[in-house]
1. Kindly indicate whether Ala196 is within 26 Å of the chain's Cα centre (by Cα), within 17 Å of Ser183 (Cα to Cα) and surrounded by 15 or more Cβ atoms within 10 Å (Cβ to Cβ).
2. How many residues are surrounded by fewer than 23 Cβ atoms within 10 Å (Cβ to Cβ), without any contact (Cβ under 8 Å) to a residue 40 or more places away in the chain and under 18 Å from Tyr485 (Cα atoms) if we restrict to segment 121-157?
3. Give me the pairs, please: first residue somewhere in segment 414-429 and free of Cβ contacts under 8 Å to residues at least 60 places away in the same chain and in a loop (DSSP other than H, G, I, E, B), second residue anywhere and hydroxyl-bearing (Ser, Thr, Tyr) and surrounded by fewer than 16 Cβ atoms within 10 Å (Cβ to Cβ), beta-carbon distance under 9 Å, and either six or more positions apart or on two chains.
4. Run down Leu113, Leu106 and say which single residue is of a type in the set (A, V, I, L, M), touching a Leu at 6+ places or on another chain (Cβ under 9 Å) and buried (at least 20 other Cβ atoms within 10 Å of the Cβ).
5. When you check Ile386 against the structure, is it over 30 Å from Glu498 (Cα atoms), of a type in the set (Val, Ile, Thr) and surrounded by 15 or more Cβ atoms within 10 Å (Cβ to Cβ), yes or no?
6. Of all residues in segment 524-555 being under 23 Å from Asn222 (Cβ atoms) and not acidic (Asp, Glu), which is modelled with the lowest pLDDT?
7. Please pick out the residue among Trp79, Trp43, Trp84, Trp71 that is crowded, with 19+ Cβ neighbours inside 10 Å and assigned to a loop (DSSP other than H, G, I, E, B).
8. Out of all the residues in segment 398-441, which are acidic (Asp, Glu), closer than 23 Å to Arg506 by Cβ and more than 21 Å from the chain's Cα centre (by Cα)?
Amino acid sequence: MKTCTQCKKEFEVFDADREFYQKINVPEPTLCHDCRQQRRLAWRNERSLYSRKCAHTGVDMISIYSPDAPWPVFSPDAWYGDTWDQLAVGRDFDFSRPFFEQFKELQIIAPHLGLMSVNNENSPYINMGWYSKNCYMCFDIGYAENCYYCTATYNTRDSADNAFIFESELSYECIGCTKCFRSIFLEDCLGCNDAAFSYDCRNCPDIIFCSNLRNKQYCIFNRQYTKEEYEEEKKKYDFHSFSSFEEMKKKFSEVKKKAIHRFSHNQKCEECSGDYLSNSRDMAYCFDCEKSEHCTYVTRVEGNVKDAMDVDHAAEGELMYEGVAMAGFNIKFGFVVARCHDVTYSDVMINCNNCFGCVHLHNQEFCILNKKYLKEEYIITRDKIIEHMKKTGEWGGYFPPSLAPYGYNETIANEVHPTTRDEALARGFRWRDKIAFVTGKETVKSDSLPDKLNDVDIECISKNVLVCVECARNYKCIKQELELYQKIGVPIPRRCFECRHNRRFRSRNPRKLWHRQCMCEKTEHDHSEGVSAEGGSACQRKFETTYAPPVAGQAPERPELIYCEQCYQKEVI
């Protein structure tokens, strides 16, 4: 066991981990997994957007960097263009000084890509987005069209307020769903159309308040109806009414509590630990990954990643270590290193090869501190710098917190590892005291909004400033968004987009594992692995799960019924 140099908790380095460290020639970590991830995610600002001018063209732009950021910020069109010299700020490495000190100096003068956006159309207010059209305030989104306030959403159109949904259409407030159409408030559902307020259902059209159903239709609270009976019963629920909608959300909360919860959300996996994994094998402590293998401590993988460790947000890569937003081969210690190979200790590198210690470059190779070298000279200098970093104690870990380009509270680190301002500053992170939002400017009070969207002039509402009933933040509903709500048949939201996002984030299980035992006590199940100590028939199977266990003497932290695979399969209908 080792002791984390930051949080002082003990953590274990396994033999398989050591083999990987030796393979990529890095030392064992001195921080535990959580502290390593916290340090990395403090580099990923997904949701904090600012208005500023492009430092190259002077045009107004939306950026992930605040106007007071010390470095020049270019719009995507300018940054990817050929009207400026990327290598003009390059410099020689000074072997009498630490590496990170020189990297910071380069970081301050190198032109930065103002928005992580690739081939989008009419979508200036999205970040970490690609090949999307007519989208607004969406983050980590790809191949989407006409979507609003969505996160981790792909191949989806005409949808709003979703997270982790795929190949869906006309979806509203859905989480972890795939191939769902015209659906409202679904969680962990697949192939459900015209469905609402349901959990863990598969291929079930026309359902309301259901859970654990398979291949059913015309069900309410898991009760089977004929088509005619269903349509008549459905009239009791007014989806257009805000007051009725709030009551239905409370009923849905009870539905989820009473549902059977499978201990993990993994699908078609072999030798995997973690959650929300699919079509993968040999994954240890990984979350939200698909089509990957031989990975440890990896999250948010879109597919085809192999031999990676301590990576968050990745796709199509191999031999990757300690990074965020990676795609390529043999990448270590980087942020947004895409379509690259052999890149180390670099920040935003697009289609680059054989680079070390570089800042915001594209289509370059054999560069160190943004200076170009001949191949042989590059290899010699790079190896010499690595030896220098070993002597200064800088080699082998991610960038220090002081180099992160954002305040901790601007990044997703504060979602995954929430902390206070004082705690963040004590750990060396920056903190932004003035997050850009407005209060007290509302032109319409929440209780003055119409109960039903059909009772209001959309054009009029879109011009008004609303106020969040939860945090008092001002927000607006754009016309296209309201038209979509009307099309889906839902009321105007009374909470701002950040509070709605936070609710969805909290609805998903955390990226932590606990040891638990199956909670099934049904006598009709075959609990062949043993009986309880009291002589009953409770299932004795144990597993790792993202559902936190109850604490002795307190109310259960997670009140759901958690079943092992065998007992769960007997219960889904």
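The values are calculated or read from the model by the stated rules, or taken from the named source; none is laboratory data. Note that the structure is a prediction, hence the values are computed from the model and not measured. Neighbour counts are summed over all protein chains in view; Cβ atoms, including those assigned to glycine, are modelled from backbone coordinates with ideal geometry.
1. On the way: within 26 Å of the chain's Cα centre (by Cα): yes; within 17 Å of Ser183 (Cα to Cα): yes; surrounded by 15 or more Cβ atoms within 10 Å (Cβ to Cβ): yes.
For Ala196, the condition - within 26 Å of the chain's Cα centre (by Cα), within 17 Å of Ser183 (Cα to Cα) and surrounded by 15 or more Cβ atoms within 10 Å (Cβ to Cβ) - is met.
2. Of the residues in segment 121-157, 2 are surrounded by fewer than 23 Cβ atoms within 10 Å (Cβ to Cβ), without any contact (Cβ under 8 Å) to a residue 40 or more places away in the chain and under 18 Å from Tyr485 (Cα atoms).
3. Gly428/Ser402
4. Of Leu113, Leu106, the one residue that is of a type in the set (A, V, I, L, M), touching a Leu at 6+ places or on another chain (Cβ under 9 Å) and buried (at least 20 other Cβ atoms within 10 Å of the Cβ) is Leu106.
5. On the way: over 30 Å from Glu498 (Cα atoms): yes; of a type in the set (Val, Ile, Thr): yes; surrounded by 15 or more Cβ atoms within 10 Å (Cβ to Cβ): yes.
Yes: the conditions hold for Ile386.
6. If we take residues in segment 524-555 being under 23 Å from Asn222 (Cβ atoms) and not acidic (Asp, Glu), then His525 is modelled with the lowest pLDDT.
7. Residue meeting the stated conditions: Trp43.
8. So the first thing to find is which residues in segment 398-441 are acidic (Asp, Glu), and the list is 410, 415, 422-423, 433.
Still in the list and also closer than 23 Å to Arg506 by Cβ: 410, 415, 423.
Glu423, the sole residue that qualifies.
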